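Each remark here refers to the structure printed beneath this line.
Values in this text are rule-based calculations from the coordinates and carry no lab data. Note that the structure is predicted; figures quoted are calculated from it, not measured. Ideal geometry is used to build each Cβ from the backbone, glycine not excepted, and the neighbour counts take in all protein chains shown.
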């Protein structure tokens with residue numbers, strides 16, 4: 001005879017809700033990062049040292065390329081967090097449906 005497996009769906013829902021907070025936090029960080037790094041060229045001013053710093057020299061990347069890569073990586077982390085959040089919510093939904101179907105089957 002099969003044993004009944006039970007899940008605490010409220011606890012699973014609560015755990016899955018943290019994914020939304022993580023996604024929001026990463027999005028907020030990314031926006032601040034873009035804003036700060038976007039002001040870097042103006043803050044550096046003009047001249048040869050500023051140009052070297054921003055654009056790099058002797059084949060080495062400058063601050064602009066590094067900034068762009070950092071922003072791109074942060075956006076990638078955000079996309080990954082969204083995928084994980086969505087998967088967690090899907091699991092909760094699937095378990096809710098399975099529990100409902102199982103309960104109907106035993107009634």
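Sort out which residues of the stretch 25-57 are within 30 Å of residue 91 (Cα to Cα) and surrounded by 13 or more Cβ atoms within 10 Å (Cβ to Cβ), and write them in order of number.
Across the stretch 25-57, the qualifying residues are 26, 27, 29, 30.
All but one of (1) surrounded by fewer than 13 Cβ atoms within 10 Å (Cβ to Cβ); (2) within 14 Å of residue 82 (Cβ to Cβ) hold for residue 22; state the number of the condition that does not hold.
Against the list (1) surrounded by fewer than 13 Cβ atoms within 10 Å (Cβ to Cβ); (2) within 14 Å of residue 82 (Cβ to Cβ), residue 22 comes up short only on (1).
Considering only helices (runs of 4 or more DSSP H) fully contained in the chain, which possess at least 2 residues that are more than 26 Å from the chain's Cα centre (by Cα)?
Ranges flagged: 40-44, 48-55, 63-106.
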